[in-house]
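Novice: One structure follows; several queries about it will come next.
The values are calculated or read from the model by the stated rules, or taken from the named source; none is laboratory data. In this text the structure is predicted, and so the values were computed from the model without any measurement. Positions of Cβ are backbone-derived with ideal geometry, glycine not excepted, and every protein chain shown enters the neighbour counts. To get the accessible areas, we keep the full protein, side chains included, count just its heavy atoms, and leave off ligands, DNA and RNA. Shrake-Rupley method; radii C 1.70, N 1.55, O 1.52, S 1.80 Å.
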Amino acid sequence: MRPLVLAASTSLLVLAAACGANGQTPPTGAPGEPLETRPANGANQTPAFPGQTRAPAVRTEATLSHRVVASGLVEPWGLALLPDGRWLVTERPGRMRIISAEGQVGDPITGLPAVDPRGQGGLLDVILSPTFAADRMIYWSYAEPRDGGNSTAVARGVLSADGASVSGVQVIFRALPVYDGDKHFGCSLAFDAAGHLFVTLGERSDAPMRPQAQQLDSHLGKVVRINADGSVPSDNPFVGQAGALPEIWSLGHRNVQGIAIQPGTGAVWTIEHGTRGGDELNLTEAGKNYGWPIIAYGVEYRGAAINEGLTARAGLEQPNYYWDPVVAPGGQAFYTGAMFPGWEGNLLIAGLGSKHLARVVLEGDRVVGEERLLTDLGERIRDVAVAADGAVWVVTDETDGKLVRLAAE
């Protein structure tokens with residue numbers, strides 16, 4: 001085991017204060033006004049319905065604190081809670097470790113397959129099997145080196161009793177086609193209550209690859225749904241359709257790096273990166289087309305319109321919510337827990353470029369409020385999870401990455 005690594009500073013967040021230096025961005029203007037006040041990149045674009053963007057600011061009237069529990073991680077990406085309260089954490093260069101709630105950082109777990117760590121590639125998400133207590137199975141996603149380039153893969157294996165290794169490793173899903181690039185691999189993982197595994201996939205970013213988000217013979221730019229062993233559920237929407245890959249659940253996505261199954265409803269919510277503007281939160285339903293790259297909010301990185309500059313077209317789904325300017329979202333999780341009862345059912349969204357944790361208030365399938373937390377941490381927040389006691393944990397995507405606990409005092 002590596003020695004305990006704890007940060008010296010603990011930040012007290014008195015959220016009723018008037019300034020943002022306490023770690024939460026306070027509402028601006030009159031009650032009910034949007035939290036976001038910066039100009040939109042898509043300056044002439046109009047939301048498809050009221051409340052689709054720029055939700056009103058909300059504020060947690062409580063005293064919170066955050067504590068850096070462990071540091072010295074290299075670009076941590078995924079975060080999964082073990083039954084004993086320790087955390088499985090992936091590092092993008094290809095390592096997975098166990099970190100205790102007190103900050104003791106374990107050695108890299110052995111037995112993982114090789115990854116392609118170039119660009120946005122490497123070791124990505126990690127989750128536990130729904131039957132982990134019985135089988136100790138874990139699942140992880142990664143950029144897999146292949147002949148001719150790379151692509152996203154999902155593997156599973158048995159975590160040893162001492163947490164030092166995985167055995168019986170099986171690659172249960174390989175995204176096609178292979179491409180020699182270093183961007184937009186996705187890839188977040190989530191199990192639903194029936195044991196189906198959802199896998200989110202990017203369209204690999206480069207202009208020649210973008211159209212594959214609309215092609216049913218490609219996994220790129222899709223959400224896929226498989227069984228725990230990699231087989232295809234018989235009720236997937238494109239099973240039996242000529243020319244369609246049967247794993248596909250939904251299409252028309254750009255780069256989905258966050259997925260969460262809504263407690264109580266089982267609804268599948270995903271969040272994906274836009275360009276300059278156009279980060280999308282989607283209630284992602286079977287067989288539906290979410291539009292990329294035909295429709296999108298925001299503009300190209302260089303400032304031009306995206307393709308024809310369309311934000312809507314018949315037969316293509318609108319995002320339930322979008323951000324312009326972007327938050328650059330990482331992982332997300334629904335909050336459920338006793339520590340913050342006012343947050344029950346809210347979405348917590350990791351912000352990379354925005355360097356904050358967003359709390360998003362939902363009513364049905366609409367966003368009605370937004371709060372920015374951990375703004376004084378000043379780091380790219382990659383993933384978020386909720387512990388058994390209701391505290392919120394995040395990892396930061398830095399070369400000196402951190403595991404951080406946010407709690408009520």
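Novice: Going from most exposed to least, what order do 253, 273 have by accessible area with a 1.4 Å probe?
Specialist: Details: 253 0, 273 30 Å².
From most accessible down to least: 273, 253.
Novice: ³J(HN,Hα) across segment 150-157 via Karplus (A = 6.51, B = -1.76, C = 1.60, θ = phi - 60°), whole Hz, x for Gly/Pro?
Specialist: 7, 6, 6, 9, 10, 10, 9, x
Novice: Tell me, what HN-Hα J-couplings in whole Hz come from the Karplus equation 6.51 cos²θ - 1.76 cosθ + 1.60 at θ = phi - 60° for each residue of segment 109-118, using x for Gly and Pro?
Specialist: Each residue's phi maps through the Karplus curve to give 6, 8, x, 6, x, 5, 10, 9, x, 5 Hz.
Novice: Long-range amide H contacts for residue 190: which residues qualify at under 5 Å (H placed 1.01 Å from N, peptide plane, sequence gap of 5 or more or a different chain)?
Specialist: Residues meeting the criterion, in which the H sits 1.01 Å from N, are 198.
Novice: Please find the FRET efficiency linking residue 286 to residue 167, where r is the Cβ-Cβ separation and R0 is fixed at 30 Å, and quote it to the nearest 0.05.
Specialist: Values: r = 35 Å, r/R0 = 1.16.
Given R0 = 30 Å and the Cβ-Cβ separation, E is 0.30.
Novice: Pull up all non-local amide H partners of residue 330: gap of 5 or more, or a different chain, and H-to-H distance under 5 Å with H placed in the peptide plane.
Specialist: For residue 330, whose amide H was placed from the backbone, the distant partners under 5 Å are 350, 351, 352.
Novice: Here's another thing I want to ask about it. Whole number in Å², please: accessible area per residue of the chain, 1.4 Å probe, ligands, DNA and RNA not counted.
Specialist: On the way: 15070 Å² over 409 residues.
About 37 Å² of surface per residue is accessible.
Novice: Largest first, how would 192, 324, 206, 235 line up by accessible area (1.4 Å probe)? Could the numbers behind the result be given before it?
Specialist: On the way: 192 30, 324 10, 206 55, 235 100 Å².
From most accessible down to least: 235, 206, 192, 324.
Novice: Could I ask something else about it? Be a star and scan segment 238-277 for residues whose amide nitrogen sits under 14 Å from the point 7 Å along the Cα-to-Cβ vector of residue 305.
Specialist: Within reach of a label on residue 305, which here means backbone N under 14 Å from a point 7 Å along Cα→Cβ, segment 238-277 contributes nothing.
Novice: Oh, and also: Heavy atoms only, probe 1.4 Å: what % of the accessible area of the chain goes to carbon and sulfur, would you let me know?
Specialist: On the way: 7970 of 15070 Å².
Its accessible area is 53 percent carbon and sulfur atoms.
Novice: Put 139, 179 in order of accessible area, largest first, 1.4 Å probe: what do you get? Write out the running numbers ahead of the final one.
Specialist: Details: 139 5, 179 50 Å².
So the residues, ranked largest to smallest area, are 179, 139.
Novice: A further question follows. From the phi angles alone, apply the Karplus equation (6.51, -1.76, 1.60; θ = phi - 60°) to segment 280-296 and give each ³J(HN,Hα) in whole Hz, x where the residue is Gly or Pro.
Specialist: 10, 10, 10, 7, 9, 10, 4, x, 8, 10, 9, x, 5, x, 6, 10, 5
Novice: Then there's this: Can you give me the solvent accessible area of residue 290 with a 1.4 Å probe, rounded to the nearest 10 Å²?
Specialist: Number for this one is 0 Å².
Novice: Hey, another quick one. Would you pull out the residues with amide H under 5 Å of residue 116's amide H, same chain only if 5 or more places away, H placed 1.01 Å from N?
Specialist: 122, 143, 144
Novice: Please work out the Cα center distance from segment 215-229 to segment 130-174, rounded to the nearest Å.
Specialist: Centre-to-centre distance over Cα atoms comes out at 18 Å.
Novice: Also: At a threshold of 8 angstrom on Cα-Cα distance, excluding pairs fewer than six apart, so keeping six or more, what relative contact order does segment 52-156 reach in percent? Write down the numbers at each step before the final one.
Specialist: On the way: 182 pairs, mean separation 18.9, N = 105.
Relative contact order, segment 52-156: 18 percent.
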